[in-house]
Amino acid sequence: MDNSGQRPLSVPGFGGRSLYEELGADDRFADAVSGLEQRPALTAPEMAMLQLMSDLTDKRDWNIDVFNDDIVAKWREETFKAQEDAEVRVALRMRLISGRAWGWCIMELRDKASMFEEDKLIRLFDAGSAVCKSDALVSDCLRLALKDGIAPMLKKSYSDQDQMLVDPSLFPLVFGKTSVLMEGRVGLRDGFKLIGSGRPAPKQLDERMDTSGVELRIKEGDAVVFCTNELDELKRFYWSSNFQLLPCEVEFDKSGTDAHITSYINNLHPLRHKSMYDSIEKLISLAIKPWNECLVRGEKGRWPIRIRTYGLTWEPEYPQSSIIDGLYQGCETNAYKEAMKEAEQFLKLPNRGSNQPTDLPEGWDKHFHTEWHVNAKWKNAYKLHHPEPDMSFSYNDW
């Protein structure tokens, strides 16, 4: 593919290429739409660890306070108190942040704090894929320049609402209508001289022949409509055969990652709003390092999972051999009588989220009723023994 302007335009939908053509998985950065999956899946405790680290790094001066044992102890108390309250309120089947998980999170955050001091950003939710956040990359000077540049575009009558100041869909490319240069490029400064040049973008064949499959999945509430083995058929719905948004062209300078906008931003005049172009270039340049921290090339994630497990255990165990099997013996047998004694004690166990023994349910000892009550009790009482970090491997090994 080529959109450099040095050779004939050759991108999806132009130069004889199919609108639906895509680079191979190893030749592009991964995304959820094209099939990047978390394998193996994260456990609920690890997801809780990721959320905890994100929450703690929202605190002011977290990168300093994380090395203060007294403050860390206060954070721990607050976290476990909130978790205990939730355990009672929603009867959690497992406590997600354990002491071992907490210790791992603090060690990891201390390492992340060192990275933050140097790069002014932090990588989070880094298990396969990742995100970056920073409240220090954009200087006050650049923030004010953006604010001043945006001010003329604000409409006073809508000053209290969110606005789409630069709407990329307002003037989209329309296949079969919009004029396109098949060779050369529309520059940032001389683009107006090229009005009327080029030829209409080629019309695209709409290959969405049967929409029933997608419509059915949407109707049934499928969260990931396009996650299917029928990719060749459903990928026709990725792109419109009628319209396409128009991004601006950006290139790096020869000496580093400073970005320069080389074509106009759709619906933002390059002369009237030159200061905005300068500010946006600086924003793009600042985003390159955190972007590089997140991008995943191919289909394999960049960061290993923290908890590897091969199954779950719970307490109390399901009483198959101690109670259920005995209930199927004759009523006069010792096995049956022993099972009934065990069932009586089992039914008195506290329910999940409580420390108080429960009363025996009415009619629990009637023939054929006991098993039902035992099953109902187990569902209300069991707690999962969640998998822990620092078991299969240590933090340093990770």
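Using the scaling law 2.2 N^0.38 Å as the reference, what is the normalised Cα Rg of the range 317-381?
Taking the Cα Rg and dividing by 2.2 N^0.38 Å, one obtains 1.07.
With axes computed from alpha carbons, what is the tilt in degrees of helix 44-56 against the longest principal axis of the chain, rounded to the nearest 10 within 0 to 90?
60
Taking 0.36 nm per intervening residue step and subtracting the Cα-Cα distance, what contour gain separates Lys193 from Ser179 on full extension?
That works out to 3.7 nm of additional length.
Using a Gaussian network model of the chain whose springs link C-alpha atoms within less than 10 Å, name the residue from Lys377, Lys341, Lys133 with the highest mean-square fluctuation.
Lys341
For semi-axes √(5λ) of the Cα gyration tensor in Å, one of (1) 57, 30, 20; (2) 41, 28, 19; (3) 33, 25, 22 was computed from the structure I shared and the rest are decoys. Which label?
Of the listed options (1) 57, 30, 20; (2) 41, 28, 19; (3) 33, 25, 22, (1) comes from this structure.
For n ≥ 4 DSSP H runs only, could you compute -39500 (n - 2.57) per run for the chain, divide by its residues and tell me the 222 nm figure to the nearest 500?
-10500 deg cm²/dmol
If I fit a long axis through the Cα atoms of helix 334-347 and take the longest principal axis of the Cα atoms of the chain, what angle between them do I get, 0 to 90°, rounded to 10?
Helix 334-347 sits roughly 50 degrees off the main axis of the chain.
How many nm is it between the label spots at Ser134 and Asp55, if each spot is 7 Å from the Cα in line with the beta carbon?
Reported label-point gap for Ser134 and Asp55 is 2.7 nm.
Once R0 is set to 30 Å, what does the formula 1/(1 + (r/R0)^6) return for the Cβ-Cβ distance between Ile64 and Cys294, expressed as a FRET efficiency to the nearest 0.05?
0.75
Multiply the residue separation of Tyr318 and Val250 by 0.36 nm, subtract the distance between their alpha-carbon atoms, and state the gained length in nm to one decimal.
Once the chain is fully extended between Tyr318 and Val250, it gains 18.4 nm.
Roughly speaking, what is the stretch gain from Lys379 to Glu338, that is 0.36 nm per residue apart minus the C-alpha to C-alpha distance, in nm to one decimal?
12.5 nm
Please build a GNM for the chain, connecting alpha carbons under 10 Å apart, and tell me which residue among Gln83, Gln345, Gln38 fluctuates the most.
Result: Gln345 has the largest fluctuation of those listed.
For a paramagnetic label modelled at 7 Å from the Cα of Gln345 toward its Cβ, which residues of the range 315-338 fall within the zone defined by backbone nitrogen distances under 13 Å?
Only 322-323, 338 pass the distance filter.
Helix 99-119: angle to the longest alpha-carbon principal axis of the chain, degrees 0 to 90, nearest 10?
Tilt of helix 99-119: around 20 degrees.
Quick check for me: using +1 on Lys/Arg Cβ and -1 on Asp/Glu Cβ, what's the dipole size of the chain about its Cα centre, in debye to the nearest 20?
Using Cβ point charges on Lys, Arg, Asp and Glu, the chain gives about 1280 debye.
Between Met47 and Asp167, what is the label-point separation in nm under the 7 Å Cα-to-beta-carbon projection?
Result for the modelled spin labels: 3.7 nm.
For a 24 Å ceiling on Cα separation, which of these pairs sit above it: Lys254/Lys300; Lys112/Lys383; Lys133/Lys274; Lys74/Lys112?
Lys254/Lys300; Lys112/Lys383; Lys133/Lys274
Calculated FRET efficiency, Asn242 and Asn267, Cβ-Cβ r, R0 22 Å, to nearest 0.05?
It comes out at approximately 0.70.
Laboratory data are not the source of any read-out in this text; all were calculated from the coordinates shown. None of these values were measured; they are calculated from a predicted model. Heads up, the Cβs are rebuilt from the backbone with ideal geometry, glycines too, and the neighbour counts pull from every protein chain shown.
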